1. Please report the equivalent ellipsoid semi-axes of the stretch 169-248, computed as sqrt(5 x eigenvalue) of the Cα gyration tensor, largest first, in whole Å.
2. Please find, in a Gaussian network model of the chain (springs between Cα atoms separated by less than 10 Å), the residue of GLY132, GLY169, GLY106 whose mean-square fluctuation is greatest.
3. What does the helix-only formula give at 222 nm for the chain: each DSSP H stretch with n ≥ 4 adding -39500 (n - 2.57), the total divided by the residues, and the result rounded to the nearest 500 deg cm²/dmol?
4. Quick one: which residues, 5+ away or cross-chain, put their amide H under 5 Å from the amide H of SER54? H built at 1.01 Å from N.
5. Please report the spacing between the Cα centers of the stretch 47-88 and the stretch 225-248 in Å, no decimals.
6. Can you sort GLU112, GLU55 by 1.4 Å-probe accessible area, starting with the largest?
7. Tabulate in residue order the Karplus-calculated ³J(HN,Hα) for the stretch 145-159, using 6.51 cos²θ - 1.76 cosθ + 1.60 with θ = phi - 60°, rounded to whole Hz; enter x for Gly and Pro.
8. Just subtract the alpha-carbon distance of PHE135 and ARG189 from 0.36 nm times their residue separation and send over the number in nm, one decimal.
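The values are calculated or read from the model by the stated rules, or taken from the named source; none is laboratory data. None of the values given here were measured: they were computed from a predicted structure. Note that each Cβ is placed from the backbone with ideal geometry, even for glycine, and that neighbours are counted across all protein chains shown. Heavy atoms of the whole protein, side chains included, go into the accessibility calculation; ligands, DNA and RNA do not. Shrake-Rupley method; radii C 1.70, N 1.55, O 1.52, S 1.80 Å.
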Amino acid sequence: MPFATLPRTEIRLALAVGLIACASAYPARAQYAQGVSATIEAASDERRRGLSWSEGDPVLRGSVSVPVVQGFSLDGTAVSLWGSDRHGGADAVVDLGGSYVRQIGGWRLSTEARYHLFPGASGLGYGEVGGGVGFLIGPANIDLNASYAPRQSSIGGDNLYLSALATVGVPGTPFTISGRIGRSSGDVRAPVKAARLRPDGVYWDHGISIDYLKGCWFAGVRYANSSIDGPGSRHAGARLIGRVGLAL
């Protein structure tokens, strides 16, 4: 699968723009903020839906979310990948999009659209749309979400991701505990390209995390795993991921 490589000056520019003007990798904080919010952090891995996008290497991540009108915000995220094999040698991923959130009593409804760019590799970008519903059950916050990437040549078909997330704040402490489970599926037209997002076809991922927030500083530890087995299991097995950062 041939990939063209951007000049290094363009790669650095894309990274700089993304780190300054892109948005939340941990959208729960930015998604419901009343004003402009931003984060910058370091993490030991960039793992999404059970797959390591950074080949198990540490990453830097920058984000920003900008409210436009009540409930609607523009946001993005830039993450260093430093030559990810999964994404054709891309040096970064930049996620740009918008989201709308509406609170109705104890229910929270959301929709979003997002496009993923890969500086350092051409022809790999793809877009997806999603929606979700959240509600409270006692002290727990439950979110059910669906994201769909329509058929695109860069991902060898289409991709549907369904997930559930439960979050509980530990009373009297700055700690939050959360757990998630997700399922990836879709139609495969080009198996090699489809393996970027679904190396084992239909698969499940799951994880649990503990996060600490004190003032503007945050840190966390996350356990991530998936049902992927066989040739596609490289960088998809059990992993502990640490992170630390600053929220503005």
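1. Value: 33, 13, 11 Å, ordered largest first.
2. Most flexible of the set in this elastic network: GLY106.
3. Calculated at 222 nm, the ellipticity per residue is -2500 deg cm²/dmol.
4. GLU46
5. 14
6. Values: GLU112 70, GLU55 35 Å².
Output order, biggest surface exposure first: GLU112, GLU55.
7. 9, 9, 10, 9, 9, x, 4, 9, 5, 5, 10, x, x, 10, 8
8. The PHE135-ARG189 span can extend by a further 15.7 nm.
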